[in-house]
Amino acid sequence: MEMPSLTIGSRTARLPIVQGGMAVRISMAPLAAAVAEAGGVGLIAGSGLAADELTREVRAAKAATSGVVGVNIMVAVRKFKDLVHAAIEGGADIIVAGAGFSRDVFGWCREAGVECVPIVGSERVAKLSERFGASAVIVEGHEAGGHLGTDEYMLDLLPRIVESVTIPVIGAGGVVTGAGIKRTLDAGASGVQMGTRFAATVESSASDEFKSMYVNATDEDIVLIKSPVGLPGRAIRNPLTQRLVGGDYPVIDRCISCLKDCGKEYCIIDKLVRAQQGDVTGGLVFAGSAAARIHDIPSVRELMERLVAEWEVATSGGTQ
Ligand SMILES: Cc1cc2nc3c(=O)[nH]c(=O)nc-3n(C[C@H](O)[C@H](O)[C@H](O)COP(=O)(O)O)c2cc1C
């Protein structure tokens, strides 16, 4: 049996594997292009980038592969509209809108012939998205890395969303193996979005120090912090998260009001940039709950082949 393909509107990926967008500058052109080239959907993270940088990244990824390349942008970012248009200008196939809901993005995508895929946390928002013209929705569970929009586990939430819409539903959160992909597809998903597993690959633009934090993490090291975005976030414990949990917020050096609605307790963009660049004591290392199950840093090709092989074993009755 072959792994099923994933169709999102007019775009089809050979494999039902979506590499989640990861800001700031974790999932850039090299990662997205490698995933798309290996048969999945590669997503560049637009949040925290300048519009022209995003356009360049999308062009670079599209030049490197004929596969499906999209862009993930957080609705909470003040420059959301500019970034969506920058992604479209670069030739993105798909716009994924996370951390908030935007009505406008459906119209911008429709006009440009680009598929619009919101991240949803309830049946109500999934139905609304379908009505506005979404080509698919992503359901992110509480296990996910980064900002969290729900307390529910993905496999609890997913079947209810699948029941409530007719468009493809993509499950996200806690999946790092082919067996996990099988469980998600068995629950009714048309595809699986994985972030954490792809952050620790050769092509990820995270620093080596960031990737080592994943490889060395145990379950006790995965913590929840409060983000100034107004949502909890999941990260790997370090001196910064210890400070945040105690309410001891680092002073903001420079604020450009990059988020529409920021509590300004500290600057999350600065902390994410620091971690990506290698400061894993003062930066914020976002990671999903399954980070402790990651023990290596494979190339995207090796990882995709492994995921397919694991899925085949699980599908033929084996376990991992
Ligand atoms: C380092 C990191 C950064 C992330 N950044 C974003 C982001 O910018 N926008 C977004 O919608 N989701 C973001 N996410 C969530 C992922 O896109 C994906 O949905 C999630 O990681 C899935 O859960 P998993 O990590 O357990 O696979 C991020 C996740 C990680 C681990």
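Of note:
- Percentage relative contact order, the chain, counting C-alpha pairs under 8 Å, at least six apart: 18 percent
- DSSP-assigned coil residues among trypsin sites (Lys or Arg not before Pro) in the stretch 98-151, each with at most 13 further Cβ atoms within 10 Å: 103
- Assigned charges on the beta-carbon of Lys, Arg, Asp, Glu; the chain dipole about Cα centre (debye): 600 debye
- Extension gain (nm, one decimal) between residue 212 and residue 59, 0.36 nm per residue minus Cα-Cα: 52.1 nm
- For the chain, the residue among 185, 299, 159 whose Cα projects farthest onto the positive side of the dipole built from Cβ charges is 159.
- Using every pair of distinct Cα positions in the stretch 167-268, the Kirkwood expression returns a hydrodynamic radius of 16.2 angstrom.
- Under a 5 Å amide H cut-off, with hydrogens placed 1.01 Å from N, residue 8 pairs with 13 among residues at least 5 apart or on other chains.
- Here the mean projected area of the convex hull built on the C-alpha positions of the chain is 14.4 nm².
- Simple point charges give the picture: +1 on the Cβ of Lys and Arg, -1 on the Cβ of Asp and Glu, and for the stretch 208-291 a dipole about the Cα centre of about 260 debye.
- Charge dipole of the chain about the Cα centre (unit charges at C-beta), most positive-ward option of 114, 61, 272: 114
- Here the stretch 208-291 is treated as an ellipsoid with the same Cα gyration tensor; its semi-axes, largest first and in whole Å, are 21, 14, 11.
- Dipole of the stretch 208-291 [Lys/Arg +1, Asp/Glu -1 at C-beta], most positive-end residue of 258, 282, 216: 258
- Antiparallel DSSP beta bridges within the chain, percent to nearest 5: 30 percent
- Approximate spin-label separation residue 249-residue 50, in nm, with each point projected 7 Å along Cα-to-Cβ: 2.8 nm
- Cross-link table 81/211; 182/264; 79/182; 79/127; 79/226, entries beyond 29 Å C-alpha to C-alpha: 81/211; 182/264; 79/182
- Label point distance in nm, residue 219-residue 163, each placed 7 Å from Cα along Cα→Cβ: 3.0 nm
- The stretch 120-161-the stretch 242-258 distance, computed between alpha-carbon centres (Å): 29 Å
- Spatial extent of the stretch 35-98: Rg and Dmax, with the Cα atoms as the point set, Å: 10.7, 33
- Relative contact order (%) - criterion: Cα under 8 Å, at least six apart; region: the stretch 208-291: 39 percent
- Environment charge of residue 54, counting only residues whose C-beta is closer than 12 Å and scoring Lys/Arg +1, Asp/Glu -1: -1
- Here is the P(r) of the stretch 33-173: all C-alpha pair distances, binned every 5 Å from 0, give 2, 11, 20, 22, 21, 15, 7, 1 in whole percents.
- Most tightly packed first, judged by the mean number of other beta-carbon atoms within 10 Å of their residues, the peptides 295-308, 52-65 read 52-65, 295-308.
Bear in mind these aren't lab numbers, they're just calculated from the coordinates by the rules spelled out. Because the structure is predicted, anything quoted here is derived from the model rather than measured. Backbone-built Cβ (ideal geometry, glycine too); neighbour counts: all protein chains shown.
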